[in-house]
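Student: My questions all concern the structure below.
The values are calculated or read from the model by the stated rules, or taken from the named source; none is laboratory data. On a predicted model such as this, the values are computed, not experimentally measured, just so you know. Note that each Cβ is placed from the backbone with ideal geometry, even for glycine, and that neighbours are counted across all protein chains shown. For the accessible areas, the whole protein counts, side chains as well, though only heavy atoms, and no ligand, DNA or RNA atoms are used. Shrake-Rupley method; radii C 1.70, N 1.55, O 1.52, S 1.80 Å.
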Amino acid sequence: MAVFTISRQFGAGGLTLGKLIANKLNYTLYDNELIQLLANKANVSPEWIVSMEKEAGGALQKIMSSLVSKSLVDRILDDSRGYIDEKIYVNLLHKIIEKIAKEGNAVIIGRGGQYVLKGRDDVKNILLVAKKKDRIRFIEEHYNLTHKQARQSVNNDDKRRINLYRKFGKEDFDEPALYHMVFNTSKIKLDKACELVCDLA
């Protein structure tokens, strides 16, 4: 029972590759499902989790404090802290990803899986990168956006990715040594990448 984590630059095809791998190996794919699991665990809306992943700072703490009761936080963390901040989010994410990995046969898209599951023999970490122009074109084609919209989406998600990893205290997320395989999807097709990844299983 293997687990794959897929980290990717937006538009490099990470979700598409994740779907190909999950279909070929009959694994469970976790992407937006992680958002729902987080929302359920924290008793907040999925939209709030999406918003939280984009934001950081003092305003976030105020929002969290108003949405989640201290008693719930105490139950989640077995802790007596009297405030809620990004550490709660990271803690929940760790617990959920670790539970998914324990069950096995999973493909986890993004959200720091390569850090949360670091050092596990049953986990293989994959990174997808591509030239920015190719990522913009991929988003145009797969999400039916104009070139301007696709470019803005890529720029926005690049910033979101940086902010998300800062919550983990990490800045080396594109460092090849963190991964078992790194694919430049400007140079390799996703079906070939899928074939190579599945060999690791």
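Student: Which residue pairs have Cβ atoms under 6 Å apart, sit 6 or more places apart or on different chains, and have a first residue in region 149-160 that is assigned to a helix (DSSP H, G or I) and a second that is open to solvent by 40 Å² or more (accessible area, probe 1.4 Å)?
Tutor: Taking only residues 6 or more apart or on different chains, the pairs are Ala150/Glu140; Val154/Phe10; Asp157/Phe10; Arg160/Lys54.
Student: Residue under question is Asp191, and the condition is that it be more than 18 Å from Thr5 (Cβ to Cβ), touching a helix residue (DSSP H, G or I) at 6+ places or on another chain (Cβ under 8 Å) and not in a loop (DSSP other than H, G, I, E, B); does it hold?
Tutor: yes
Student: Looking at region 100-137 only, could you name the residues that are buried (at least 18 other Cβ atoms within 10 Å of the Cβ), assigned to a loop (DSSP other than H, G, I, E, B) and at pLDDT 90 or above?
Tutor: Leu117, Ala130
Student: Quick check, is Lys87 modelled with pLDDT under 90 and of a type in the set (Lys, Arg)?
Tutor: Values: modelled with pLDDT under 90: yes; of a type in the set (Lys, Arg): yes.
Spelling it out, Lys87 is indeed modelled with pLDDT under 90 and of a type in the set (Lys, Arg).
Student: Could you count how many residues in region 189-201 are exposed (fewer than 14 other Cβ atoms within 10 Å of the Cβ) and out of contact with any Lys or Arg (no Cβ under 8 Å at 6 or more places or on another chain)?
Tutor: In the first step, residues of region 189-201 are kept if they are exposed (fewer than 14 other Cβ atoms within 10 Å of the Cβ); the result is 189, 191-192, 195-196, 199-200.
From what is left, the residues that are out of contact with any Lys or Arg (no Cβ under 8 Å at 6 or more places or on another chain) are 189, 191-192, 195-196, 199.
The total comes to 6.
Student: For residues in region 147-179 being closer than 14 Å to Leu127 by Cα and not aromatic (Phe, Trp, Tyr), which is surrounded by the fewest Cβ atoms within 10 Å (Cβ to Cβ)?
Tutor: This residue is Ala177.
Student: Can you say whether Val182 is within 19 Å of Leu15 (Cβ to Cβ), part of a helix (DSSP H, G or I) and either open to solvent by 30 Å² or more (accessible area, probe 1.4 Å) or not hydroxyl-bearing (Ser, Thr, Tyr) (or both), as far as the supplied structure shows?
Tutor: In short, no.
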